Amino acid sequence: MHKLWLFVPLFALQLWAAPADDLLRKSGEKFHSAKYWSLHFSVEASLAKEKKSAQYAGDLLLGPEDRFHLTIPGQEYVSDGATLWQFNQAQKQVMVKNVADLQGALHPSEALFRYLKCKPISVKTGTDNNEPLQIIQLDPKGQVKGFTAMEVWLKKSDLTPVRLITTDNTGTISIYRITNLLANPPLQDKDFRFQAPEGVEEIDMR
């Protein structure tokens, strides 16, 4: 009798998690259905140790085979799939590396889609600016290094992300808001190569 009582809540939890698994799978299929993506995002990070917050915004272009172009205030990260350029505007320097040297580490382009690597725990419904949402609680431990909790808000209509909330090992909570998400915008190879402005020092680390 006692064993059955312990089994019932576990079975109920598995039933509840199943829709979250399905939603996350479909969101991944949606993401991989397009060759290119472009989006704008903003971030608000509450820094736990310093008891203050930081805000910034950026733009991201994504292509196949590790191609990306991330622009944030003062910095650019650009990859053509083989070469990675890291441009620091204040220092007027661009560091050139091999993408392979990242050795599986989370590269900048993956920040807003890291939720696809996590284990779904539960799902609930909500709204944002009258947009119906599916809100999935995720377990990033063992899947995405350095994070203890994660939540993604997906549009109910097409399961694309509009918000990602993460908690890292330091207790810092970051809220990413995603707007202007476009599938297959008219991008070309040149959009994933960095052209250094005049006067910028190039440091080749390959």
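A few remarks follow.
Conditions (1) acidic (Asp, Glu); (2) modelled with pLDDT of 95 or more; (3) surrounded by 13 or more Cβ atoms within 10 Å (Cβ to Cβ); (4) in contact with a Pro (Cβ under 7 Å, 6 or more places away or on another chain), marked per residue:
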site: Arg67; (1), (2), (3), (4): no, no, yes, no
site: Ile72; (1), (2), (3), (4): no, no, yes, no
site: Gln75; (1), (2), (3), (4): no, no, yes, no
site: Ser79; (1), (2), (3), (4): no, no, yes, no
site: Gln93; (1), (2), (3), (4): no, yes, yes, no
site: Lys97; (1), (2), (3), (4): no, no, yes, no
site: Pro108; (1), (2), (3), (4): no, no, yes, no
site: Ser122; (1), (2), (3), (4): no, no, yes, no
site: Thr127; (1), (2), (3), (4): no, no, no, no
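- Here the condition is being outside any helix (DSSP H, G or I) and closer than 18 Å to Leu187 by Cα; of Glu50, Glu76, it holds for Glu76 alone.
- Among residues of region 171-186, those that are modelled with pLDDT under 95 and in a loop (DSSP other than H, G, I, E, B), counted: 2
- Checking each residue in region 52-65 for being within 16 Å of Ile175 (Cα to Cα) and surrounded by fewer than 19 Cβ atoms within 10 Å (Cβ to Cβ) picks out Lys52, Ser53, Ala54, Gln55, Tyr56, Ala57, Asp59.
- Restricted to region 173-183, and to residues there that are out of contact with any Lys or Arg (no Cβ under 8 Å at 6 or more places or on another chain) and within 23 Å of Gly142 (Cβ to Cβ), the residue that is surrounded by the fewest Cβ atoms within 10 Å (Cβ to Cβ) is Ile173.
- Number of residues in region 124-162 that are out of contact with any helix residue (DSSP H, G or I) (no Cβ under 7 Å at 6 or more places or on another chain), among the charged types (D, E, K, R) and under 18 Å from Leu112 (Cβ atoms) equals 5.
- Any hit, region 147-157, residues being of a type in the set (A, V, I, L, M), modelled with pLDDT of 90 or more, within 25 Å of Asp21 (Cβ to Cβ) and assigned to a helix (DSSP H, G or I): no
- Within region 30-79, restricting attention to residues that are among the charged types (D, E, K, R) and touching a residue at least 40 places away in the same chain (Cβ under 8 Å), the residue that is farthest from Glu110 (Cα to Cα) is Lys49.
- Annotation note: of Trp85, Trp153, the sole residue that is in contact (Cβ under 8 Å) with a residue 40 or more places away in the chain, among the hydrophobic types (A, V, I, L, M, F, W, C) and buried (at least 17 other Cβ atoms within 10 Å of the Cβ) is Trp85.
- Cβ separations smaller than 7 Å between residues 6+ apart or across chains give no pair from region 186-200 residues that are on the phi > 0 side of the Ramachandran plot to residues that are surrounded by 10 or more Cβ atoms within 10 Å (Cβ to Cβ) and of a type in the set (A, V, I, L, M, F, W, C).
- All positions within region 79-91 that are part of a strand (DSSP E or B) and either within 19 Å of Asn184 (Cα to Cα) or small (Gly, Ala, Ser) (or both): Ser79, Asp80
- All of (1) touching a residue at least 12 places away in the same chain (Cβ under 8 Å); (2) surrounded by fewer than 17 Cβ atoms within 10 Å (Cβ to Cβ); (3) not β-branched (Val, Ile, Thr) hold for Leu116 with one exception: (2).
The values are calculated or read from the model by the stated rules, or taken from the named source; none is laboratory data. Owing to the predicted nature of the structure, the values given are computational and were not obtained by experimental measurement. Every residue, glycine as well, gets a Cβ built from its backbone with ideal geometry; the counts of neighbours run over all protein chains shown.
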